Amino acid sequence: MSRPDEENEQQQVWRTLSEAGLVEIRLDEFAERIRDVKRIVIVRLRELLDVNNSVKERESAACSLGTLKGLELKVLASQPPDPSEM
Amino acid sequence: MMKSTAEQLRSTANWPPDVGEIISFKSSNGPETAMLKEVRWGLVWRDFILEDGRVIPEHRVSGCPRPQAWRKISEVTDREREECEERLLLMAGAGMDPRKRDQSFWAELNQYLAYTYLRYKRAGSEAHVTE
């Protein structure tokens with residue numbers, strides 16, 4: 001059985017992800033959600049470059065950013081055309 | 001309606017269901033039942049793999065205890081994250097569409113975005129506290 005503080009932590013995770021729209025991403029919102037997460041990684045990467053000496057953490061953040069960029073391009077390329085632009 | 005403590009304990013003890021059991025869940029088409037093939041931890045939550053290959057996140061399966069179990073971000077190894085990133089880029093490169101709900105690309109991309117958000121959002125706020 002989980003402890004009350006663990007339960008609070010689990011509820012907090014659920015709330016954080018729900019508020020960010022990341023529990024179940026709506027099918028038409030993938031590109032937007034990828035951009036949101038990219039922004040978070042970019043902010044963190046800037047912090048790491050400014051103050052932190054953790055090379056490994058920097059590499060991980062840079063790698064995640066590259067993956068997100070690649071995924072964003074693929075998702076945008078496979079997105080059906082907007083009827084209003086036709 | 002709130003569950004009693006005894007009910008909560010019972011549901012947690014019997015969770016997750018065994019492979020081969022018929023489970024009820026909410027799909028994009030509404031309530032459904034199907035045979036469970038595998039239960040697999042993703043980067044953040046558990047996915048239930050059905051016999052027909054669909055991937056259903058744990059919170060959509062009937063009887064899932066609340067709050068559901070989540071992995072701690074610190075439990076995910078760099079190797080695991082890298083493997084996930086490789087799979088995602090391979091699936092994207094192969095032309096798979098993440099907008100196909102309940103399929104593996106959709107499921108894995110959901111978890112990767114959730115994991116990356118939690119990891120860097122938290123790391124950033126924790127760093128501000130300690131600085």
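What follows is calculated from the coordinates using simple rules that are stated; it is not laboratory data. Nothing here was measured: the structure is a model prediction, and the numbers come from that model. Cβ atoms come from the backbone with ideal geometry, glycine included; neighbour counts cover every protein chain shown.
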### Task
Using only atoms on other chains, find how many Cβ atoms lie within 10 Å of each Cβ of peptide B:105-117 and report the average.
6
### Summary
Sorted on mean Cβ neighbours within 10 Å (highest first), peptides A:53-61, B:97-105 come out as B:97-105, A:53-61
### Query
Hey, what did the range B:1-123 get for relative contact order, percent, Cα under 8 Å, at least 6 apart?
21
#### Entry: Test item: A:22-29 mean partner chain Cβ contacts at 10 Å
5
